[in-house]
Amino acid sequence: MDTLFDLGSFIIQGINFLIIALVLRKFFFVPYMKYLAEETAKRLELEKRISDSASIVDDAQKEAENIRDKARQDSKSIAATIVDNAKEEASEMLQKATTDAENTRLKWMADIDLERKEMVNTLKSKVLDVAIRLNQKLFGNNDANVDFLKKNTPSIEL
């Protein structure tokens, strides 16, 4: 009979199906599932490393920004210190120049007073010499009134 359903053929096809399923499972599905599990683990590890590196990059950027801000503050502080030192040094130099100028003026004043006194003494001695010579010519006496002129000549001091 030509039946639609043959039990022997059905059993053989069932056995063939089981053999193919076992072979596919052993050599294809299990290794492929293992491969997929490994790839998933690698992908998760890679995603974790990417997120870690992103956080490291963010931390590095924040640290760089902090360093940059600190460097700006330090440079402003150094600039202010330099300005203060320059002002202080300028003040010291001005004070020294003023002191030097005053000392020089006082020295020149002392030199002028000394020269004035020397000129007065020279003039006094020349006037005495002229008076003594005039006395000698008028009275014919060398020693007449010399002591009187030297004693009574006013000393000129300025």
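Yes or no, residue by residue, for (1) at pLDDT below 75; (2) surrounded by fewer than 10 Cβ atoms within 10 Å (Cβ to Cβ); (3) part of a helix (DSSP H, G or I):
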{"residue": "ALA86", "(1), (2), (3)": "no, no, yes"}
{"residue": "GLU92", "(1), (2), (3)": "no, no, yes"}
{"residue": "THR98", "(1), (2), (3)": "no, no, yes"}
{"residue": "ILE112", "(1), (2), (3)": "no, no, yes"}
{"residue": "LYS124", "(1), (2), (3)": "no, no, yes"}
{"residue": "ARG133", "(1), (2), (3)": "no, no, yes"}
{"residue": "PHE148", "(1), (2), (3)": "yes, no, yes"}
{"residue": "ILE156", "(1), (2), (3)": "yes, no, no"}
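Within the range 26-71, the set of residues being over 26 Å from the mean Cα position of the chain (by Cα) and small (Gly, Ala, Ser) comprises ALA37, ALA41, SER51, SER53, ALA54, SER55.
I'd like the full set of residues that are among the aromatic types (Phe, Trp, Tyr) and part of a helix (DSSP H, G or I), limited to the range 4-58. Let's see the steps before the verdict.
First, the residues of the range 4-58 that are among the aromatic types (Phe, Trp, Tyr): 5, 10, 17, 27-29, 32, 35.
Across the range 4-58, the qualifying residues are PHE10, PHE17, PHE27, PHE28, PHE29, TYR32, TYR35.
When the range 90-140 is filtered for residues that are among the charged types (D, E, K, R) and within 37 Å of the chain's Cα centre (by Cα), the ones remaining, listed by number, are GLU92, LYS96, ASP100, GLU102.
The values are calculated or read from the model by the stated rules, or taken from the named source; none is laboratory data. A quick note: this is a predicted structure, and the numbers were derived from the prediction, not measured. Every residue, glycine among them, receives a Cβ derived from its backbone with ideal geometry; neighbour counts consider all protein chains shown.
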